[in-house]
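Written below as structure tokens is the structure these notes are about.
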Amino acid sequence: MLDYIIVGFGLAGMSLAEQLQKNSKSFVVITEEDKSSSVVAGGMYNPVILKRFTSPWEAVSQLEYAMPFYNAMQTRLGVNVVNPFPLLRVFNAIEEQNNWLIASDKPNLAPFLSPNFVKNDNAAIHADNNFGVVNKAGRLQVAKLLHSYKNELLSTKSYLQEAFSYNDLEVKKDHVVYKDLKAKHIVFSEGYGMKENPFFNYLPLNGTKGEVLIIKSESLKLNAIVKSGVFIIPLEENDIYLVGATYHWTDKTWEATEEAKIELKDKLDLLLNCEYIIVDQLAGIRPTVKDRRPLIGRHPEHKNMYVLNGLGTRGVMVAPTVSNQLFNYIENNTELDAEIDIERFSSGYNK
Ligand SMILES: Cc1cc2nc3c(=O)[nH]c(=O)nc-3n(C[C@H](O)[C@H](O)[C@H](O)COP(=O)(O)OP(=O)(O)OC[C@H]3O[C@@H](n4cnc5c(N)ncnc54)[C@H](O)[C@@H]3O)c2cc1C
């Protein structure tokens with residue numbers, strides 16, 4: 001008998017797989033690949049909210065845990081996927097510089113917000129009021145990491161690429177049976193796909209569509225992430241950048257739209273002073289939750305069934321710690337933080 005079946009292999013499923021590997025648990029992943037927020041993600045990790053210069057939920061502890069977690073994965077898999085970058089915030093007015101300096105004095109933000117502004121010497125970018133520099137930010141190449149992790153799992157026959165058929169799942173008292181697989185536990189980490197999951201679709205996963213552009217510009221020559229109306233993130237290939245992202249709360253389709261392309265292009269044109277071409281456009285749905293906290297925990301009736309979802313807009317930073325919490329909850333009977341425990345939505349569950 002397996003220890004686990006994991007359904008859905010994005011940042012959530014992969015992080016749990018890593019926790020299981022580290023603890024010598026056996027598992028099989030069952031996943032589709034087409035509707036994935038993780039492969040679209042810019043993959044940025046950034047411990048500061050750059051609109052208001054505040055700290056996101058649990059950012060310091062998440063980052064502290066996430067960096068060694070991903071570094072260990074890249075070393076084991078022999079890939080370069082953790083790319084630290086300075087993050088340059090364009091100041092739109094002098095007043096923003098003052099707000100930045102006030103924020104950089106606060107103990108929780110001081111390690112991240114440099115009080116020394118940087119002069120813009122890149123003629124391809126409009127930034128007359130200098131840049132504020134965020135330290136300890138960067139990019140995780142999520143799609144590349146998922147791909148090499150998948151190859152490792154394929155080599156041990158632990159990866160099945162198929163849609164999970166909920167009707168074929170038999171839930172027994174102390175294990176589950178799915179087709180010819182038998183496991184002690186099953187964990188659902190399907191991102192926005194959870195909407196179709198009859199066991200967990202009572203949870204308030206809203207979903208926020210996001211789109212990005214991939215551009216090529218030979219004159220931009222950027223070796224930092226730049227944030228103004230949009231983020232520009234250097235990708236692995238020379239002269240290729242990701243520009244994003246949009247936020248759309250009502251469109252729940254996975255297709256790229258002309259509307260998003262125009263929105264991103266308009267914002268980019270305010271920031272850039274150079275030629276570029278759009279080479280691709282990608283769309284995904286972020287698994288966002290009504291109260292902006294992850295959805296972690298045990299099914300109200302089925303004791304060997306769990307959910308790992310709701311990573312929201314910051315999956316790169318959030319996934320490692322919450323997968324760790326879920327693992328310890330299942331295996332070591334530790335408590336989940338009330339903030340992330342799906343118990344908080346138990347009143348929405350009808351038997
Ligand atoms: C445009 C955009 C930009 C983003 N940028 C960033 C960023 O810079 N930094 C950051 O931290 N976060 C970013 N995010 C958010 C990030 O992508 C998410 O937080 C994270 O990827 C969610 O991971 P997940 O594993 O929960 O879901 P997903 O990545 O969506 O993975 C779920 C997987 O489950 C599979 N699945 C679903 N249903 C089934 C089923 N029934 N059977 C089998 N398989 C199933 C899906 O096909 C998919 O492969 C961005 C998101 C978007 C859309």
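Which of (1) in a loop (DSSP other than H, G, I, E, B); (2) crowded, with 16+ Cβ neighbours inside 10 Å does K173 not meet, given it meets every other one?
For K173, the failing item is (2).
Within the range 325-340, can you find the residues that are touching a Leu at 6+ places or on another chain (Cβ under 9 Å) and not in a helix (DSSP H, G or I)?
The answer is L336, I340.
Would you please name the residue that is most open to solvent (accessible area, probe 1.4 Å), looking only at residues in the range 178-190 that are among the hydrophobic types (A, V, I, L, M, F, W, C) and out of contact with any helix residue (DSSP H, G or I) (no Cβ under 9 Å at 6 or more places or on another chain)?
The qualifying residue most open to solvent (accessible area, probe 1.4 Å) is L181.
Name the pairs whose Cβ atoms lie under 9 Å apart, with the first residue in the range 193-206 and of a type outside the set (D, E) and open to solvent by 50 Å² or more (accessible area, probe 1.4 Å), the second in a loop (DSSP other than H, G, I, E, B) and modelled with pLDDT of 95 or more, and 6 or more positions between them or separate chains?
Close Cβ pairs (under 9 Å, with a partner that is in a loop (DSSP other than H, G, I, E, B) and modelled with pLDDT of 95 or more) amount to K195/N201; K195/G207; K195/K252; N206/W249; N206/P287; N206/T288.
Yes/no matrix, rows are residues, columns are (1) within 23 Å of S61 (Cβ to Cβ); (2) aromatic (F, W, Y); (3) at pLDDT 95 or above; (4) more than 16 Å from the ligand (Cβ to nearest atom):
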{"site": "I278", "(1), (2), (3), (4)": "no, no, yes, no"}
{"site": "L282", "(1), (2), (3), (4)": "no, no, yes, no"}
{"site": "Y306", "(1), (2), (3), (4)": "yes, yes, yes, no"}
{"site": "T313", "(1), (2), (3), (4)": "yes, no, yes, no"}
{"site": "V318", "(1), (2), (3), (4)": "yes, no, yes, no"}
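Any idea which of L264, L270 is touching a strand residue (DSSP E or B) at 6+ places or on another chain (Cβ under 8 Å) and in a helix (DSSP H, G or I)?
Numbers: L270 fails: touching a strand residue (DSSP E or B) at 6+ places or on another chain (Cβ under 8 Å).
Going through L264, L270 in turn, the sole match is L264.
Just for the range 33-89: of the residues that are of a type in the set (K, R) and under 28 Å from I215 (Cβ atoms), which one is least open to solvent (accessible area, probe 1.4 Å)?
Top of the filtered list is R89.
Quick check on K209: is it away from the ligand (no atom under 13 Å from the Cβ) and basic (K, R)?
When the stated conditions are applied, K209 does not pass them.
Does R286 meet the test of being within 11 Å of the ligand (Cβ to nearest atom), touching a residue at least 40 places away in the same chain (Cβ under 8 Å), within 21 Å of S55 (Cβ to Cβ) and surrounded by 14 or more Cβ atoms within 10 Å (Cβ to Cβ)?
yes
Just need a number here: residues in the range 119-143 that are open to solvent by less than 20 Å² (accessible area, probe 1.4 Å), away from the ligand (no atom under 16 Å from the Cβ) and touching a helix residue (DSSP H, G or I) at 6+ places or on another chain (Cβ under 7 Å).
Number satisfying all stated conditions: 2.
Which residues, counting only those in the range 96-118, are open to solvent by 70 Å² or more (accessible area, probe 1.4 Å) and either among the β-branched types (V, I, T) or closer than 15 Å to I225 by Cα (or both)?
If the condition is that a residue be open to solvent by 70 Å² or more (accessible area, probe 1.4 Å) and either among the β-branched types (V, I, T) or closer than 15 Å to I225 by Cα (or both), then I102 is the only one that fits.
For the range 325-344, what are the residues that are surrounded by 18 or more Cβ atoms within 10 Å (Cβ to Cβ) and touching a residue at least 60 places away in the same chain (Cβ under 8 Å)?
L326, F327, I330, I342
How about the range 17-32: which of its residues are near the ligand (Cβ under 7 Å from one of its atoms) and open to solvent by less than 70 Å² (accessible area, probe 1.4 Å)? Before the answer, list the steps.
Going residue by residue through the range 17-32, those that are near the ligand (Cβ under 7 Å from one of its atoms) are 30-32.
If the condition is that a residue be near the ligand (Cβ under 7 Å from one of its atoms) and open to solvent by less than 70 Å² (accessible area, probe 1.4 Å), then I30, T31 are the ones that fit.
The values are calculated or read from the model by the stated rules, or taken from the named source; none is laboratory data. Here the structure is a predicted model, which is why all the values come from computation and not from measurement. Reconstructed Cβ throughout: ideal geometry from the backbone, glycine too, with neighbour counts over all protein chains shown. We work out accessible area using only protein heavy atoms, side chains counted, and drop any ligands, DNA or RNA first. Shrake-Rupley method; radii C 1.70, N 1.55, O 1.52, S 1.80 Å.
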